[in-house]
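Novice: Can you keep this structure in mind? I'll have questions shortly.
The values are calculated or read from the model by the stated rules, or taken from the named source; none is laboratory data. Quick caveat, the model's predicted, so the values are computed rather than measured. Here the Cβ positions follow ideal geometry from the backbone for every residue, glycine too, while neighbour counts run over all protein chains shown.
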Amino acid sequence: MENLVAQGYICYLPLIAIEKIQRGKIVRVVEALFPRYLFIQLDTAYSSQSWAPIRSTVGVSRLVTFGGQPAKVDHEIIHAVRQGDVHRSNLVQTLFTAGDQVQILTGAFAGINGVYQMPDGQDRAMLLIEILSKSVKMSVPAVGIRKQS
């Protein structure tokens, strides 16, 4: 992106905050919403900018094209994407949401299925599991569960 900006192009890389498990802990990281894709604003009314230099810029592998022409995205769509951008929003894509079917992977209850209820502290999750035909709430390490497919 830096190489394109240095050439005078207006670029936009949509970002999103997501939860991931790293080193046994749930952490929030910022990643590209569309990995390996970058939006470039180009006013084709002016001949001073063209697509040709973009293709030969270091870091650019290719342009998304349809029928040999670079793909165009309406300004309204870019505006809508910007509304959800991590820099303008508090939205975080979480690992689990209430109601998710999960399986416990570690500890005495490994292999038991449950329903994710909510976070329970920084690195724990509250689950609802069935024990002896009774629903029981249980707090487990969040890194020790996974969503059911």
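Novice: All but one of (1) at pLDDT 85 or above; (2) over 24 Å from ARG124 (Cα atoms) hold for PRO70, so report the exception by its number.
Specialist: (1)
Novice: Which of the strands (runs of 3 or more DSSP E) found entirely inside the range 80-149 contain at least 2 residues meeting this: of a type in the set (D, E, K, R)? Quick ask: steps written out before the conclusion?
Specialist: Numbers: elements: 101-104, 113-119, 124-131, 134-141, 145-147.
The strands (runs of 3 or more DSSP E) meeting that bar are 124-131, 134-141, 145-147.
Novice: Among residues belonging to the range 73-95 that are touching a strand residue (DSSP E or B) at 6+ places or on another chain (Cβ under 8 Å) and at pLDDT 85 or above, point out the one that is farthest from LEU132 (Cα to Cα).
Specialist: The qualifying residue farthest from LEU132 (Cα to Cα) is VAL73.
Novice: Still on this structure: Which of the residues spanning the range 44-64 are modelled with pLDDT of 85 or more and hydroxyl-bearing (Ser, Thr, Tyr)?
Specialist: SER56, THR57, SER61
Novice: Taking into account only those residues within the range 111-144 that are among the hydroxyl-bearing types (Ser, Thr, Tyr) and farther than 15 Å from GLU19 by Cβ, which is surrounded by the fewest Cβ atoms within 10 Å (Cβ to Cβ)?
Specialist: Ranking the candidates gives SER133 first.
Novice: What single numbered condition from (1) in contact (Cβ under 8 Å) with a residue 12 or more places away in the chain; (2) under 28 Å from ASN3 (Cβ atoms); (3) surrounded by 10 or more Cβ atoms within 10 Å (Cβ to Cβ) fails to hold for SER50?
Specialist: If we test SER50 against (1) in contact (Cβ under 8 Å) with a residue 12 or more places away in the chain; (2) under 28 Å from ASN3 (Cβ atoms); (3) surrounded by 10 or more Cβ atoms within 10 Å (Cβ to Cβ), just (1) comes out false.
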